[in-house]
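The values are calculated or read from the model by the stated rules, or taken from the named source; none is laboratory data. Because the structure is predicted, anything quoted here is derived from the model rather than measured. When we count neighbours, we look across all protein chains shown, and the Cβ atoms used for this are built from the backbone with ideal geometry, even at glycine. All accessible areas refer to the heavy atoms of the entire protein, side chains included, with ligands and DNA or RNA removed. Shrake-Rupley method; radii C 1.70, N 1.55, O 1.52, S 1.80 Å.
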Amino acid sequence: IALSSDGTRGTAAWYRNNGSIYIVQTSSVTISGNVASWSSAMDLSEDGRMSFEPQVGLSSDGTLATIVWRGHNDTNSVIQARSASISGNTATWGTFSTLSTDSETSQAPQLSLSSDGTKAAAVWALFDGPNTVIQSSTASIAGNTASWNEAVDISQGGGYAYVPQIRISSEGTRAVAV
C-alpha cells in the first residue's frame, strides 16, 4: 500500500486466488477524517496468468500510481507493471508492460517513484541459469502511460544476488539500488 504525503489518498495491491490461479488486484482510497472510501477491487494482472508479489508506488499528491509484480508467461516468471491516473478513488489503468526478459525467471520486484509520479525505477532478481543477477529498469510516466527502458544488469554475474532494493530521488533524476 502507498499513501499520498498528506494521507488523504492511497492505493493498495495484493494477490489472491480466484479459484484457479493467483492474480494481482488493486483498489484506491480517499480518506476524510475517519472515513475511508475504497474503490471496488480491480484485476490488474494479465488475464489467465499467475501473478504474485505486487509493489505499489504513488505520487505525493496521490494522483498517479505504478504497480510492479511477478507474473508468469507459461514458461517463466516475468516482471510486469502498470500505471494509473487517479481521480478521487477511481484509478484509470494503462496497459501492462513486461520489464524483464521472458526467457528466464525473474522475481522479488521492488519499485520507487519520484514525488510527482512521472519517473519510476524498478529492480528484481533474474535467474540466468546457475546464477542470479539484479536487473533494473527506469520509466517516464505520463498519466497512465509508462515508457520503460530496456532492463540492465546492475550486479555482477557469476554469483548469487538477491533481495534487491531501490529508491529514486524526489525529482526522479537519481536512483540507488542495492
If you place +1 on the Cβ of every Lys and Arg and -1 on the Cβ of every Asp and Glu, how big does the dipole about the Cα centre of the stretch 108-178 come out, in debye to the nearest 20?
160
Report the Cα centroid-to-centroid distance between the stretch 6-48 and the stretch 119-178 in angstrom, as an integer.
24
Relative packing of 140-148, 49-57, which averages over residues the other C-beta atoms within 10 Å, highest first:
49-57, 140-148
Within 13 Å, Cβ to Cβ, of residue 164, how many net charges do the neighbouring residues add up to if Lys/Arg are +1 and Asp/Glu are -1?
0
Area accessible to solvent at residue 15, 1.4 Å probe radius, in Å²
110
Highest first, please rank the peptides 93-101, 163-171, 122-130, 109-117 by the mean number of other Cβ atoms sitting within 10 Å of their residues.
109-117, 122-130, 93-101, 163-171
Work out how far the C-alpha atoms of the chain reach from end to end along every principal axis, then list the three figures in whole Å, largest first.
52, 42, 25
Per residue, what accessible area does the stretch 20-178 have, given a 1.4 Å probe and all protein chains present, in Å²?
46
